[in-house]
Structures are given as structure tokens and as C-alpha cells.
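Let me begin by presenting the structure, written as C-alpha cells, before commenting on it.
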Amino acid sequence: MGAVPSALFVLVPVFALLLKLAYIGTGRFYLEHLVVALYSHAYLCLCVLAFFLLSFIDSLLPAQATVARAPVWLAELLVMFWMPVYLFWMQQRVYRQHPVVTLLKYLALGMLYFMLVVTAMVLLSLTSLVNA
């Protein structure tokens, strides 16, 4: 977890570059894509924080209190569901392309970015093992 800020520091500009390549014909500058990437990552960090807080609240409740835990589970589910929906909606609103085109680009960028995040996490884990 300590390596996540370093990974994000590197991955935000990389994601902005991916956005620049995906929307090359829009006439937008790299800096505009960087702002979108920063907002996307800030939103994701807030959602992850909310999810961790909800998980912490859930851990405080007794295991037998399923009725009391149900709202927390529902809130966790809503956070997990809303993350990709909001990111798609934001990409649609910013770049104003046809929803099908946006969906295809959203899915392609998501897969590429997921592979980059996994690669970065593996590399950071390996370097932390070597340095330990």
C-alpha cells in the first residue's frame, strides 16, 4: 500500500497519454487529458477511501447483526457500482462523442490501464522484496 502513491504519480500522466491517443482527432491538448486523468484518479481514490471506511464500519458491527450490516453492504455495493458508471459518464460528458464510441474507448482504455496498474503493482512488489 505504501507504493500506491508512487505508482499513481507515474500512472496519471500515462493514463493522460492513453486518453490523448484515444481522442487524437479531437484537437485537445495533452494538458486537457491530464486534467481528466487527475480528476478520474481523485474520484477513484475517494471511492476507495469510502469503501475502506465502509469496510471498517462493517468490521465494527457484530457478525450476528446481519440486519444492521445490510445498509453498510448496500453502501459498499453502490460505491462499487457507481465507480465505473461515473467514469463512463464523465468521459462521455468531457469528450462528447457518440455513446457507443465512448463505450468502446472506455472499455479499451480500462483494459489497457488495468494491465498497466497490475504491471506497476507487480514491479513495485518485486522491488520492495528485493530492497527488504
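The values are calculated or read from the model by the stated rules, or taken from the named source; none is laboratory data. All figures in this text were calculated on a predicted structure; none of them were measured in a lab. Neighbour counts are summed over all protein chains in view; Cβ atoms, including those assigned to glycine, are modelled from backbone coordinates with ideal geometry. Protein only, heavy atoms only, side chains kept; ligands, DNA and RNA dropped before computing areas. Shrake-Rupley method; radii C 1.70, N 1.55, O 1.52, S 1.80 Å.
Quick notes on this one:
- Test for V67: is it part of a helix (DSSP H, G or I), open to solvent by 90 Å² or more (accessible area, probe 1.4 Å), on the phi < 0 side of the Ramachandran plot and modelled with pLDDT under 90: yes
- Failed criterion for V14 (all others in (1) within 30 Å of P71 (Cβ to Cβ); (2) in contact (Cβ under 8 Å) with a residue 40 or more places away in the chain hold): (1)
- Conditions (1) under 14 Å from the mean Cα position of the chain (by Cα); (2) among the aromatic types (F, W, Y); (3) open to solvent by less than 70 Å² (accessible area, probe 1.4 Å): number failed by Y23: (1)
- Top-ranked residue in region 70-86 [being of a type outside the set (S, T, Y) and open to solvent by less than 70 Å² (accessible area, probe 1.4 Å); ranked as farthest from the chain's Cα centre (by Cα)]: A70
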